[in-house]
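Single-structure report; data block below.
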Amino acid sequence: MTDEDLIAFALSLPEATESSHFGIRDFRIGGKIFMTLPGPDFCVVKLTPDQQQMALTIMPQHVDAVPGGWGLKGSTRLFHHAADHETIKTLVRRAWRNVAPKSMILPED
């Protein structure tokens, strides 16, 4: 998936907006970041530690824990240029759900 396709998908999620912090593009819901795009090689999605562990087990070639404390909390690098579109959409949607207000969350697809 290209950066442009990833951005379009992230912004298609309900009430998602694009912003930035420290010069890095980010995507938010209700002011909370669910995904960042720190560079051309990967995005970072906000998963729970359990979700991260599952992703690392199932698709180790497409994800990696962010080094340090953020990674321990679930922040996960997603190599979106190499992963299939459904995998990417699932992880980005999951990150969105993790920060969205409970009143906005619909049942998972």
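Return yes or no: is Ala82 at pLDDT below 95 and either in a loop (DSSP other than H, G, I, E, B) or under 18 Å from Ile105 (Cβ atoms) (or both)? Break it down into steps so the answer makes sense when it comes.
Values: at pLDDT below 95: yes; either in a loop (DSSP other than H, G, I, E, B) or under 18 Å from Ile105 (Cβ atoms) (or both): yes.
Spelling it out, Ala82 is indeed at pLDDT below 95 and either in a loop (DSSP other than H, G, I, E, B) or under 18 Å from Ile105 (Cβ atoms) (or both).
Report yes if Phe9 is in contact (Cβ under 8 Å) with a residue 60 or more places away in the chain and surrounded by 11 or more Cβ atoms within 10 Å (Cβ to Cβ), otherwise no.
Working: in contact (Cβ under 8 Å) with a residue 60 or more places away in the chain: yes; surrounded by 11 or more Cβ atoms within 10 Å (Cβ to Cβ): yes.
The answer is yes for Phe9.
Sort through Ala83, Ala95 and tell me the only one that's more than 12 Å from the chain's Cα centre (by Cα), surrounded by 14 or more Cβ atoms within 10 Å (Cβ to Cβ) and touching a residue at least 40 places away in the same chain (Cβ under 8 Å).
On the way: Ala95 fails: more than 12 Å from the chain's Cα centre (by Cα).
It is Ala83.
Just to be sure, is Pro101 loosely packed, with under 12 Cβ neighbours inside 10 Å, touching a residue at least 12 places away in the same chain (Cβ under 8 Å) and not polar (S, T, N, Q)? Talk me through it step by step, then tell me what you get.
On the way: loosely packed, with under 12 Cβ neighbours inside 10 Å: yes; touching a residue at least 12 places away in the same chain (Cβ under 8 Å): yes; not polar (S, T, N, Q): yes.
Yes.
Might you check whether a residue that is of a type outside the set (S, T, N, Q), out of contact with any strand residue (DSSP E or B) (no Cβ under 8 Å at 6 or more places or on another chain) and closer than 14 Å to Arg97 by Cα occurs anywhere in the stretch 35-56?
Here is the first cut: in the stretch 35-56, the residues of a type outside the set (S, T, N, Q) are 35, 37-47, 49-50, 54-56.
Those still in the list that are out of contact with any strand residue (DSSP E or B) (no Cβ under 8 Å at 6 or more places or on another chain) too: 39-41, 49-50, 54.
Filter once more, keeping what is closer than 14 Å to Arg97 by Cα: none.
The answer is no, given that none of the residues of the stretch 35-56 is of a type outside the set (S, T, N, Q), out of contact with any strand residue (DSSP E or B) (no Cβ under 8 Å at 6 or more places or on another chain) and closer than 14 Å to Arg97 by Cα.
The values are calculated or read from the model by the stated rules, or taken from the named source; none is laboratory data. What you see is a predicted model; the values in this text were computed from it and never measured. So basically every Cβ, Gly included, is an ideal-geometry build from the backbone, and we count neighbours across all protein chains shown.
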